[in-house]
Amino acid sequence: MKNSKLVIWFQELRVPFFTASVIPVLVGTALAYSAANVFHPVLFILAVLGIVSLHAGANIANDYFDHTSGNDWLNKNVTPFSGGSQLIQQGLLSPKSVLIAAWIALSIGGLTGIIILLLTKSFFILALGIAGLLGGYFYTASPVRLGYRGIGELIICLLFGVLPVYGSYYLQTRTIDFVPLVPGIIVAMLIFLVILVNEFPDAPADSAVNKKTLVVVFGDKLAVWSYRVVLIATFCIIVIAILIFKVMVFPGLLYLTTLPLAVLALKSLNCDVLQKSGGHTVNKLTILLHLAGGVMLSLGFLLSGS
């Protein structure tokens, strides 16, 4: 019984998807080491703990509020990558226990942020932490419901891309500059692709509860083209950074090694398949592309700074 409960909560937390929050911290920290030759392991560990806790809290809170809105009850195309955990719908977890768990995870993230504040005396980091806490909770929580208002993808790009990359860099260097901007944008674009491709099976249920995701607003064909344009743009930005601005040369070259994955993802992209619960290939490839791209950038920064 204990083991089954652990498995259920493992599924509720969606632990395999924590790479979405860990990758930007790795990139920002590796960039700080490359640019300023600094690494504070305690701050790095606290940053990972904080963002993962907030990520977990957001996942759980989203399950609760998608339950109360009826979204997850209406979703008939549930996949391992979208449609929520469905544990409330299956009767395996009560809504109350899910809400309590969300608050516990968010509280751990908040407490971690307070510890970082005490160690660094940085109100900039505090502001980033508050943004993460509020953004994660109110992504689906009333009355704000950011994910329902046509800006959900932008919020995700900020919370899992630009802000944590910049915040992790600043946490190590205490420097505000433009250095983390391009890596932060690349990571933001990669997580955008992950979110976008997972929205296709959810589109009918999202539309029914007036959740304005990009797929609902743009339609399938335009959303597919958005995926293609953004994915290709990540490589274009890297090439421009290397050839014209002479920056991120080694990290950029390592990032370009993910091109075969990108080609496979583009070949797997198909409207008819994306709408069905069985079409997981492009989802897997996109998640792998986010992971590989982030790891390659991080490795490149570490090696160029050593």
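The values are calculated or read from the model by the stated rules, or taken from the named source; none is laboratory data. Everything numeric in this text was worked out from a predicted model, so none of it was measured. Cβ atoms come from the backbone with ideal geometry, glycine included; neighbour counts cover every protein chain shown.
State all residues of the stretch 196-241 that are of a type in the set (Val, Ile, Thr) and more than 16 Å from residue 268 (Cα to Cα); if no residue qualifies, say none.
Of everything in the stretch 196-241, those that are of a type in the set (Val, Ile, Thr) and more than 16 Å from residue 268 (Cα to Cα) turn out to be 209, 213, 215, 216, 217, 234, 237, 238, 239, 240.
Of the residues in the stretch 116-141, how many are over 16 Å from the mean Cα position of the chain (by Cα) and outside any helix (DSSP H, G or I)?
The qualifying residues number 3.
Which members of the stretch 1-42 meet the condition of being in contact (Cβ under 8 Å) with a residue 24 or more places away in the chain, out of contact with any Ser or Thr (no Cβ under 8 Å at 6 or more places or on another chain) and of a type in the set (Gly, Ala, Ser)?
20, 21
Taking residue 83 as the residue in question, decide whether it is touching a residue at least 12 places away in the same chain (Cβ under 8 Å), within 30 Å of residue 247 (Cβ to Cβ) and in contact with a helix residue (DSSP H, G or I) (Cβ under 9 Å, 6 or more places away or on another chain).
Against the criterion (touching a residue at least 12 places away in the same chain (Cβ under 8 Å), within 30 Å of residue 247 (Cβ to Cβ) and in contact with a helix residue (DSSP H, G or I) (Cβ under 9 Å, 6 or more places away or on another chain)), residue 83 does not qualify.
Whether any residue in the stretch 148-156 is out of contact with any Phe, Trp or Tyr (no Cβ under 9 Å at 6 or more places or on another chain), surrounded by fewer than 21 Cβ atoms within 10 Å (Cβ to Cβ) and closer than 15 Å to residue 56 by Cα is what I want to check.
No: the stretch 148-156 contains no residue that is out of contact with any Phe, Trp or Tyr (no Cβ under 9 Å at 6 or more places or on another chain), surrounded by fewer than 21 Cβ atoms within 10 Å (Cβ to Cβ) and closer than 15 Å to residue 56 by Cα.
Please specify each residue of the stretch 197-217 satisfying the condition of being outside any helix (DSSP H, G or I), over 24 Å from residue 262 (Cα atoms) and hydrophobic (A, V, I, L, M, F, W, C).
209
Take the stretch 70-83 and flag every residue that is buried (at least 18 other Cβ atoms within 10 Å of the Cβ) and either assigned to a loop (DSSP other than H, G, I, E, B) or at pLDDT 95 or above (or both).
Answer for the stretch 70-83, where residues must be buried (at least 18 other Cβ atoms within 10 Å of the Cβ) and either assigned to a loop (DSSP other than H, G, I, E, B) or at pLDDT 95 or above (or both): 75, 77, 81, 83.
Residue by residue, here is whether (1) assigned to a helix (DSSP H, G or I); (2) crowded, with 18+ Cβ neighbours inside 10 Å; (3) touching a His at 6+ places or on another chain (Cβ under 7 Å); (4) among the acidic types (Asp, Glu) holds:
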| site | (1), (2), (3), (4) |
| --- | --- |
| 18 | yes, no, yes, no |
| 26 | yes, yes, no, no |
| 32 | yes, yes, no, no |
| 44 | yes, yes, no, no |
| 63 | yes, yes, no, yes |
| 85 | no, yes, no, no |
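How many residues, within the stretch 146-195, are in contact with a Gly (Cβ under 9 Å, 6 or more places away or on another chain) and not in a helix (DSSP H, G or I)?
Residues that pass the stated criteria total 1.
Could you figure out which of (1) farther than 21 Å from residue 200 by Cα; (2) surrounded by 21 or more Cβ atoms within 10 Å (Cβ to Cβ) isn't true of residue 7?
(2)
Can you find a residue in the stretch 206-214 that is surrounded by fewer than 15 Cβ atoms within 10 Å (Cβ to Cβ) and of a type in the set (Asp, Glu)?
The answer is no, given that none of the residues of the stretch 206-214 is surrounded by fewer than 15 Cβ atoms within 10 Å (Cβ to Cβ) and of a type in the set (Asp, Glu).
Considering the stretch 212-225 alone, what residues qualify as being in contact with a Gly (Cβ under 7 Å, 6 or more places away or on another chain) and closer than 14 Å to residue 77 by Cβ?
Passing the criteria: only 213.
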